[in-house]
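Engineer: Got a structure here, written out as structure tokens. Questions coming.
The values are calculated or read from the model by the stated rules, or taken from the named source; none is laboratory data. No experiment lies behind these values; they were computed from the predicted model shown. Cβ placement follows ideal geometry from the backbone for every residue including glycine, while neighbour counts extend to all protein chains displayed. Accessible surface areas use protein heavy atoms only, side chains included; no ligands, DNA or RNA. Shrake-Rupley method; radii C 1.70, N 1.55, O 1.52, S 1.80 Å.
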Amino acid sequence: MIEGVSEVAAMCVGLIGLIGASATTGLPMWKVTAFIGENIVVMETRWEGLWMNCYRQANIRMQCKVYDSLLFLPPDLQAARGLMCCSVALSGLGLLVAVAGMKCISCFKDNRWVKTIILMVAGAMQFMACICVFIPVSWTGHVIIQDFYNPLLIDAQRRELGEALYIGWMTGAVLFASALLFICRRIPSEKGSFDVYAPPQLLNYKPDTNRPTMTRYHPISSVPIAYFFSLLDIKLDLIRLLNARIKRQIIF
């Protein structure tokens, strides 16, 4: 019962992580214009994302433009684009793999060991997706903070942390929780395809009463002491007789 609840909880948490990773990848709010200094144009806001940059002015709808070339992006956003796509693919594929390992699915129903291994593989994929989310989000945040305090840059070139970065950090934590729910489970001690069959004849074995009983061996310690000393006296008498005969033969 507990394992079934943990499987459903892992699937729900993993689905939330997949939605968060997709939202983080698609949203353009990775870098936001920083309003610093006295000469600030507060009527305009600029967002920079992985696929496009957007402008928004007061009383005017937001306008977005897709990047003309991948090389136009800075190195952190170039790496973030590839890693975020990998995280979405790994998370989605991990959930599909986990479906085959759930108890409510008839696939591999008679083999609990295989189902447990499938769920652990799905958890490993969720953990890899978590890593692929944390790396670009943290790298981009580090670059933004480093440029913000760079005295060589003017105020117009400085950016702030966007909403997509905070969603990315939360998504990484959710994917990590999903990976733990999938991985932390007990592996069955016996595989279903290698069960040992014990014949009932061996379990109900009884010795045959018609067979003759074997004689028991008694060690020397159980022989009476008097019998042992009598044998010793006989040996001494034999030795004396032999000595007497030898002396007679020598005399004659």
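Engineer: Using amide H atoms built 1.01 Å from N in the peptide plane, name the residues 5+ places from N53, or on other chains, whose amide H lies under 5 Å from its own.
Structural biologist: For N53, the qualifying residues are K65, Y67.
Engineer: Amide H of M102 versus every other amide H placed in the peptide plane: which residues, excluding those fewer than 5 positions away on the same chain, fall under 5 Å?
Structural biologist: The answer is none.
Engineer: Could you sort L181, L238, L152 by their accessible area in this structure, using a 1.4 Å probe and putting the largest first?
Structural biologist: Details: L181 60, L238 100, L152 155 Å².
Largest accessible area first, the list is L152, L238, L181.
Engineer: Roughly speaking, what is the stretch gain from L241 to L15, that is 0.36 nm per residue apart minus the C-alpha to C-alpha distance, in nm to one decimal?
Structural biologist: Working: separation 226, 0.36 × 226 = 81.36 nm, distance 10.72 nm.
The L241-L15 span can extend by a further 70.6 nm.
Engineer: For the range 51-90, what % of the accessible area comes from carbon and sulfur atoms, probe 1.4 Å?
Structural biologist: On the way: 1620 of 2660 Å².
In the range 51-90, the share of accessible area belonging to carbon and sulfur is 61 percent.
Engineer: Rank-order 62-68, 17-23 by packing density, defined as the average count of other C-beta atoms within 10 Å over each peptide's residues, highest first.
Structural biologist: On the way: 62-68: 10.9, 17-23: 21.1.
Going by the mean number of other Cβ atoms within 10 Å, highest first, we get 17-23, 62-68.
Engineer: Accessible area, 1.4 Å probe, largest first: how do S6, S87 sort? Spell out each step's value before the answer.
Structural biologist: Working: S6 30, S87 0 Å².
Putting S6, S87 in descending order of accessible area: S6, S87.
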